[in-house]
Amino acid sequence: MKNEIFMAISNPVRLKLIRCLSEKPKKVNDLINICGMSQSAVSQHLAKLKKAGILETHKEGKFVFYKLLYPEAAEIAVRVENLSKEMEK
């Protein structure tokens, strides 16, 4: 499980998705609009985050909502992104 977590947060797109989900659960279409990515790409990244145990889903009618299980994941995402920017200088 630890390897899956590290692999999940090692991708910039997944870090962005984690940050986007830190405020409240969102549908795939919401995340597509925020990230400017295709539905298949967003879905693939969400599946990896879910497999790692970072996200959970719940259904409301025909919509599936993705929810961040651990607020700490958003904090880690921000720190990793900041570190990456700092190292690029």
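Odds and ends about this structure:
- Here the Gaussian network model covers the chain, with springs between Cα atoms less than 10 Å apart; of Gly53, Gly36, Gly61, Gly61 fluctuates the most.
- Choice from Lys48, Lys62, Lys16 with maximal GNM fluctuation in the chain (Cα, 10 Å cutoff): Lys62
- In summary, the lysines within cross-link reach of Lys50, defined as a Cα separation below 21 angstrom excluding same-chain residues under 8 places away, comprise Lys2, Lys16, Lys24, Lys26, Lys27, Lys59, Lys62, Lys67.
- On full extension, the segment bounded by Asn82 and Ser10 gains 24.6 nm, given 0.36 nm per residue less the C-alpha separation.
- Across the alpha-carbon set of the chain, the Rg to Rh ratio works out to 0.97, Rh being the Kirkwood radius.
- Packing-based exposure ordering (other Cβ within 10 Å, fewest first) of Arg19, Arg79, Arg14: Arg79, Arg19, Arg14
- With the helix formula -39500 (n - 2.57) applied to DSSP H stretches of n ≥ 4, the chain reaches a computed 222 nm mean residue ellipticity of -19000 deg cm²/dmol.
- Contact order for segment 1-63, expressed relative to its length and based on alpha carbon pairs under 8 Å spaced 6+ residues apart, stands at 40 percent.
Only the coordinates and a few stated rules stand behind these numbers; no lab work does. Not measured: the values here are computed from a predicted model. Note that we place each Cβ from the backbone using ideal geometry, even for glycine, and neighbour counts take in every protein chain shown.
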